[in-house]
Amino acid sequence: MDDVFTNMQYAYTFKDTLIYGDLLAEDFVFTYRDYELGYDVSWGRTDEMRATHGLFENAERLDLIWNNVVVRAEDSLRANVVRGYTLTITFNVADVSRVDGRANFTLARDDEGKWAIEKWIDESNF
């Protein structure tokens, strides 16, 4: 399961959508809190790939650092991992954003033993 986090960090560092897409289950759902609107927003795998592709294309540099694991509960087929992260997005030298938060993941293991992210609830300050 730790490969998921290593590969996500690699995908962000090298802005590689093929590796990133391979981490997501077919029924993947991403959820974040829109603080301006005051409610949660969710989307599926297709929209996640589109958004991530846009981020990868528009960022000059992405630095994803995984921090402490807050929760880790798993059995042979499913896991829930809540983990802190810091993401620094450099669009250019004058435009750098830093996001600190927690990623709340639900992962599932397929028939071949490979873990994939089914659900990602972003608990960040962004």
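The values are calculated or read from the model by the stated rules, or taken from the named source; none is laboratory data. Because the structure is a prediction, the values reported are computed rather than measured. Heads up, the Cβs are rebuilt from the backbone with ideal geometry, glycines too, and the neighbour counts pull from every protein chain shown.
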Item checked: Candidates ARG50, ARG45, ARG61, ARG33 - the one that is of a type outside the set (Val, Ile, Thr), within 23 Å of THR90 (Cβ to Cβ), out of contact with any helix residue (DSSP H, G or I) (no Cβ under 7 Å at 6 or more places or on another chain) and in contact (Cβ under 8 Å) with a residue 12 or more places away in the chain -> ARG61
Note to self: Checking the condition in contact (Cβ under 8 Å) with a residue 12 or more places away in the chain, over 13 Å from the mean Cα position of the chain (by Cα) and surrounded by 15 or more Cβ atoms within 10 Å (Cβ to Cβ), which residue from TRP66, TRP120, TRP115 passes?
What the structure shows: TRP115
Margin query: Of the residues TYR39, TYR32, only one is exposed (fewer than 11 other Cβ atoms within 10 Å of the Cβ) and either modelled with pLDDT under 95 or not acidic (Asp, Glu) (or both); which?
Written below: TYR39
Next item on the list: Go over the candidates THR106, THR90 one by one and state the one that is under 18 Å from TYR32 (Cα atoms) and in contact (Cβ under 8 Å) with a residue 24 or more places away in the chain.
Entry: THR106
Next item on the list: Being in contact with a Ser or Thr (Cβ under 7 Å, 6 or more places away or on another chain) and exposed (fewer than 15 other Cβ atoms within 10 Å of the Cβ) is the filter here, so list the residues in segment 79-92 that pass it.
Entry: ASN80
Note to self: If I go through segment 102-124 residue by residue, how many of them are at pLDDT below 95 and in contact with a strand residue (DSSP E or B) (Cβ under 6 Å, 6 or more places away or on another chain)?
What the structure shows: 2
Check: What residue, among those in segment 1-21 that are in contact (Cβ under 8 Å) with a residue 40 or more places away in the chain and more than 22 Å from ILE89 (Cβ to Cβ), is surrounded by the fewest Cβ atoms within 10 Å (Cβ to Cβ)?
Finding: ASP3
